[in-house]
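Only the coordinates and a few stated rules stand behind these numbers; no lab work does. Just so you know, these numbers come straight off a predicted model, no measurement behind them. As a convention, Cβ positions derive from the backbone with ideal geometry for all residues, glycine included, and neighbour counts pool all protein chains shown.
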Amino acid sequence: MQGSLEPTNESYAIAKIAGIRLAQSLHEQYGLDIICPMPSNVYGPGDHFEFERSHVVSALVRRFMNAVQENAPSMTLWGTGSARREFLHVDDLASACYFLMENYDLPDIINVGTGEDVTIRELSETIARIVGYTGELKWDTTKPDGMPRKLMDVSRLQALGWKNKIDLETGIRSVIEDYKLHYLINSLES
């Protein structure tokens, strides 16, 4: 928390910072046991697939699943695809939080992530491959990429003995299964 806030995420960032500061103040003033895990981009089953609320992995899963169903010859994605993001499966986040409750007792922020990132292009190509989409990927470079890179230093958490267990491809497959099970069934029933 030493740089300026990214403009497209400023409101979210301010709310997150306020929550962290409140928790830390409760620890200082009342001795309340507080941990402040800071996760990277979280994805996994239970996410939203509606475009208005979805995160990048679930949005791309839905778009690629739709493209396969429609046999779309191409799909256009925002930006250049060069922005890099770190993704953490929700089950790994739950595991890390439990681990921290058992092994960490400081109110300092501790990063939770994989320590690895991929480009949005690589993420898109992986999802396309898994769902069997063979059309052309086009990039609308008039649209923003967002921050060039979001990668966390997770060395403190790893030094305590925690490391993620779910690799990105396995995690993406779990999102695809969740989409098929919940979203496709619900949309067919509507």
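Tabulated data for the structure shown
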quantity	calculated
Cα centre as origin, Lys/Arg/Asp/Glu Cβ charges: the stretch 52-190 dipole, Debye	340 debye
Cα centroid separation - the stretch 70-98 against the stretch 129-184, whole Å	3 Å
For the chain, share of DSSP beta bridges that run antiparallel, in % to the nearest 5	10 percent
Whichever aspartates and glutamates have a C-alpha closer than 12 Å to that of Lys165, once near sequence neighbours (fewer than 8 apart) are set aside	Asp91, Asp92
Helix 56-70 axis, angle to the chain major axis (alpha carbon atoms, nearest 10°)	10 degrees
Cβ-based exposure ranking for Phe51, Phe87, Phe99, in which fewest neighbours within 10 Å come first	Phe51, Phe99, Phe87
Helical mean residue ellipticity (222 nm; -39500 (n - 2.57) per DSSP H run of 4+; nearest 500) of the chain	-13500 deg cm²/dmol
Between 0 and 90°, nearest 10: helix 120-131 axis offset from the chain longest Cα axis	60 degrees
